[in-house]
Amino acid sequence: MKYFLSIIYMGFVLLSLPVKAQDSVQTLRDILSKIETEYPQVLQYNSKVEALKYRAKGSKSWMPPTVSFGVDRFPYNPMMLSEESPMNQAGLMFSVEQMFPIPSKQNAKSSYYNALTKVEESNQAWTKNTLRLQARLFYYNQYVTLRKLQILNENESVIKLFIESAEVRYVHNQAELGSVFKAKARLAELQNMKTMLYMALAENRIGMNILLGNPSADTLKIDTSQYSVSLMQFSDTSLANRSDIQSMTNMIKAMEEERKLMSLGRKPEFGVRFNHMQMFGMPNQYSVMGMMTIPIVPWSSGMYKNDVLAMNSEIKSTEFERESMQRMATRMSQEKTAMHFYQKQQFQNYNQSIIPAYRKNLEANLIAWKQNTATFFVLLDSWEMLLMKQLEAEDKLQELYKLQAEVLYELEK
């Protein structure tokens, strides 16, 4: 009975222990989707766009009326206030003034803010593109680093077997002691290389966690099971709809709207003023006056004229800047695409010709070593050459993925 109760008690204890959740595997698509929707710099533009929409809506409002109240025509002699005569023109004045907006100015101002909204939306799209580049580089580096680590683990097992075999043969005077020590040194160097790769894994993990808004120490596993080494083919190098260039185009449109708003400064504005006089010595009075601004006078017309001329020059400057940006973007995209093509050929040459040849060389030397027709030094050298070429191929793959991410960035794919 006691044994049965102890089993039940242990079961409750095990159930009460916290269960560590399995680390979720992140695909590149999941990472990009989360960054594009939750990164603070992306959300910042949503607030900017919302603010500009409110400004566009508020630009259709009227100016507030002006209300004033005060004494009017009060005599310095207070005794005159008690006299009922035409000479007593003292009273209290209440006035209301209202300026009427010009619809064309309101529409121009609203169009200007709407154009600025398009600029911020384009800037947001380009910010997403920049964040995608960072995420892809972290992801690709993590993927290639894991491949390198797998290669080192496999070669570590191989070199350990070689060392054990050489030590056995050394006892029977069939292996050189110097070669055995050299192999052990290579094994230690291999472990140092693994340490460097673990450091690279930590760096990439921290970078991706920061982009995702996770604690930097969180474990982040990428999906290596469904992610192949197949590389993209780039044929479309059109930059017509790239967000940063579109942002410049929208900025030019916004500047044109601002210039239109400035040019409307030459139009007069109208208003009305109503005055009520509460008289002390005579009947109450009122007055109604219309008002009009005269912006065409020489001492005020120069302001909007020079502003329009200055805006014309700024628009031309921005157009030249957009053209320079287009040329630079075209050059960069075509250069990266060409580099990607030739880098891919190098990587394929490693996998199809170089590495298979060095592997056959190692296999041949291993057979000769087993048949006592080759030295351990030759076997160790062939192993080192194969490992070096395998790591060189992974370096080519890493550079290839880097170029792929940069081409996607330049084309905003």
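Restrict the check to the range 274-285 and report whether at least one residue is part of a helix (DSSP H, G or I) and open to solvent by 40 Å² or more (accessible area, probe 1.4 Å). Outline the logic, then answer.
To start, the set of residues in the range 274-285 that are part of a helix (DSSP H, G or I) comprises none.
No, that holds for no residue.
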Can you find even one residue in the range 64-72 that is over 19 Å from Ser110 (Cβ atoms), open to solvent by 90 Å² or more (accessible area, probe 1.4 Å) and over 60 Å from the mean Cα position of the chain (by Cα)? yes
Exactly one condition in (1) outside any loop (DSSP other than H, G, I, E, B); (2) out of contact with any Gly (no Cβ under 9 Å at 6 or more places or on another chain); (3) of a type outside the set (Lys, Arg) is false for Tyr76; which is it? (1)
Any residue that is exposed (fewer than 14 other Cβ atoms within 10 Å of the Cβ) and either not charged (D, E, K, R) or not in a helix (DSSP H, G or I) (or both) - is there at least one of those in the range 393-408? no
Considering only the range 188-211, state which residues are open to solvent by less than 70 Å² (accessible area, probe 1.4 Å) and polar (S, T, N, Q). Asn204, Asn209
It is to be established whether one or more residues within the range 358-372 are over 40 Å from the mean Cα position of the chain (by Cα) and not in a helix (DSSP H, G or I). yes
Checking Ser317 against (1) open to solvent by 30 Å² or more (accessible area, probe 1.4 Å); (2) small (Gly, Ala, Ser); (3) more than 23 Å from Asn123 (Cβ to Cβ), only one condition comes out false. Which one? (3)
Within the range 27-60, which residues are small (Gly, Ala, Ser) and more than 19 Å from Leu220 (Cβ to Cβ)? Ser47, Ala51, Ala56, Gly58, Ser59
Per-region count, the range 361-399, residues of a type in the set (D, E, K, R) and more than 30 Å from Tyr140 (Cα to Cα): 3
Being of a type outside the set (D, E, K, R), in contact with a Leu (Cβ under 8 Å, 6 or more places away or on another chain), surrounded by 20 or more Cβ atoms within 10 Å (Cβ to Cβ) and assigned to a helix (DSSP H, G or I) is the requirement here; does Asn155 meet it? yes
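The values are calculated or read from the model by the stated rules, or taken from the named source; none is laboratory data. Predicted model, so just to flag it, every value in this text is computed and none were measured. Glycine gets a Cβ as well: all are built from the backbone with ideal geometry, and neighbour counts include every protein chain shown. Note: areas computed on protein heavy atoms with side chains; ligands, DNA, RNA excluded. Shrake-Rupley method; radii C 1.70, N 1.55, O 1.52, S 1.80 Å.
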